[in-house]
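Notes follow once the structure below has been shown.
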Amino acid sequence: MNIALYLQRKKRIIDTFLRDYLNSRKKQGGCPERLRRAMGYSLMAGGKRIRPILTMATYEALNGGSRSVIPVAASLELIHTYSLIHDDLPAMDNDDFRRNMPTNHRVFGEATAILAGDALLTEAFNIILRTRIRPDIKVSILNELTEACGPAGMVGGQLMDIMLEGKRARRSELVYIHTHKTGAFIRAAVRIGGIMAGASSSQMRSLTEYGEKVGHAFQIVDDILDVTGSTEEMGKTTGSDAARGKNTYPLIFGLERSRRIAKDLIDESIRAIDRINGRIEPLKEIARYILNRKS
């Protein structure tokens with residue numbers, strides 16, 4: 001299959017939903033215009049939409065069409081964007097550029113950027129709650145997200161990342177950072193597609209393994225690209241990990257071994273979903289894309 005075309009088509013679907021969401025928020029009123037513009041500035045700044053696409057691809061693998069999963073899948077991009085806005089703040093990574101644009105706080109100020117992130121996180125759950133799906137499925141999705149993105153997931157991984165800046169992390173600590181800061185949310189994106197498609201327990205085990213390994217590899221590749229990629233390709237300043245004394249796979253293991261570890265994880269993720277009887281080729285190709293991406 002042509003993975004570039006597949007990703008482009010799915011991204012267009014997600015972008016359309018997000019634009020419609022922002023327009024509806026404007027029509028409904030109640031949200032200060034400056035806040036709405038700050039939310040939209042980062043939400044529509046580009047991005048690969050990998051998390052929503054993983055949800056859609058998983059749902060399609062087990063259930064055919066994907067129209068009913070679009071709102072829930074798109075809501076994940078609001079959560080991802082909130083995390084990027086907050087990551088870029090001076091108190092966190094202090095970045096000036098994201099997706100080749102000035103970061104949110106550079107345009108709107110720190111206070112508005114913080115509140116824009118808060119608003120996007122809250123609105124993600126609002127979108128899910130308003131989606132026409134069974135109440136028990138909504139509860140399962142919300143449980144998945146709060147676990148993946150909360151203190152035992154993304155937020156916990158981010159704090160560990162900050163706490164260990166300038167220190168040499170043990171391998172177990174490095175794995176914790178990667179599997180929580182990035183991996184937990186990607187695993188959740190896959191599992192949510194499975195939940196909505198009514199995956200069996202054996203299918204869910206395979207999807208969970210796939211999501212965990214793909215999510216871990218995603219962050220390792222990010223680490224590698226921070227060393228080897230250009231600022232233009234990455235859309236943000238490269239070399240910032242080393243400058244801030246962050247613990248990364250290239251720092252601990254070197255570039256070549258890091259590449260091998262990422263490849264092994266992707267190979268294992270593909271073997272995990274080979275056990276699923278469904279349209280799994282897009283999931284396999286997304287995994288390979290994550291390994292070979294240049295930005």
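The table below gives the values:
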quantity	calculated
Leading residue by the ranking (surrounded by the fewest Cβ atoms within 10 Å (Cβ to Cβ)) among those in the stretch 250-262 that are in contact (Cβ under 8 Å) with a residue 40 or more places away in the chain and closer than 17 Å to Arg293 by Cα	Ile261
Condition met for Thr16 (buried (at least 21 other Cβ atoms within 10 Å of the Cβ) and either at pLDDT 95 or above or not hydroxyl-bearing (Ser, Thr, Tyr) (or both))	no
Contacts under 8 angstrom Cβ, first residue in the stretch 176-187 being closer than 18 Å to Lys246 by Cβ, partner of a type in the set (Val, Ile, Thr) and part of a helix (DSSP H, G or I), 6 or more apart	His178/Ile220
Qualifying position, being out of contact with any Ser or Thr (no Cβ under 9 Å at 6 or more places or on another chain), of a type in the set (S, T, N, Q), buried (at least 18 other Cβ atoms within 10 Å of the Cβ) and at pLDDT 95 or above, among Thr103, Thr58	Thr58
Which listed residue, of Asp87, Asp93, is modelled with pLDDT under 95 and either of a type in the set (Lys, Arg) or buried (at least 16 other Cβ atoms within 10 Å of the Cβ) (or both)	Asp93
Test: residue in the stretch 71-88 that is farther than 20 Å from Ala197 by Cβ, in a loop (DSSP other than H, G, I, E, B) and under 19 Å from the mean Cα position of the chain (by Cα)	yes
Qualifying position, being buried (at least 18 other Cβ atoms within 10 Å of the Cβ), more than 16 Å from Ser295 (Cα to Cα), modelled with pLDDT of 95 or more and in contact with a Pro (Cβ under 8 Å, 6 or more places away or on another chain), among Ala189, Ala199	Ala189
Tally, over the stretch 58-70, of residues that are over 18 Å from Ile280 (Cα atoms) and touching a Phe, Trp or Tyr at 6+ places or on another chain (Cβ under 7 Å)	1
Check on Gly40, among the small types (Gly, Ala, Ser), touching a helix residue (DSSP H, G or I) at 6+ places or on another chain (Cβ under 6 Å) and free of Cβ contacts under 8 Å to residues at least 60 places away in the same chain	yes
The stretch 233-285 - residue that is aliphatic (A, V, I, L, M) and not in a helix (DSSP H, G or I) and, of those, farthest from the chain's Cα centre (by Cα)	Ile276
Test: residue in the stretch 229-245 that is at pLDDT 95 or above, surrounded by 15 or more Cβ atoms within 10 Å (Cβ to Cβ), closer than 30 Å to Leu89 by Cβ and hydrophobic (A, V, I, L, M, F, W, C)	no
Enumeration of residues in the stretch 154-175 that are touching a residue at least 24 places away in the same chain (Cβ under 8 Å), under 17 Å from Ile220 (Cα atoms) and small (Gly, Ala, Ser)	Gly157, Ala169
Long-range neighbours under 7 Å by Cβ, at least six apart or interchain, first residue in contact (Cβ under 8 Å) with a residue 60 or more places away in the chain within the stretch 215-228, second surrounded by fewer than 24 Cβ atoms within 10 Å (Cβ to Cβ) and basic (Lys, Arg)	Val221/Arg293
Asn126 being of a type in the set (S, T, N, Q), surrounded by fewer than 18 Cβ atoms within 10 Å (Cβ to Cβ) and under 22 Å from Phe17 (Cβ atoms)	yes
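Quick grid of which residues meet (1) without any contact (Cβ under 8 Å) to a residue 24 or more places away in the chain; (2) among the aromatic types (Phe, Trp, Tyr):
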position	(1), (2)
Arg36	yes, no
Met44	no, no
Gly47	no, no
Thr55	no, no
Tyr59	no, yes
Arg67	yes, no
Ser75	no, no
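The values are calculated or read from the model by the stated rules, or taken from the named source; none is laboratory data. Note that this is a predicted model, so its numbers are computed, not measured. For neighbour counting, all protein chains shown are included, and Cβ atoms are generated from backbone atoms with ideal geometry for every residue, glycine included.
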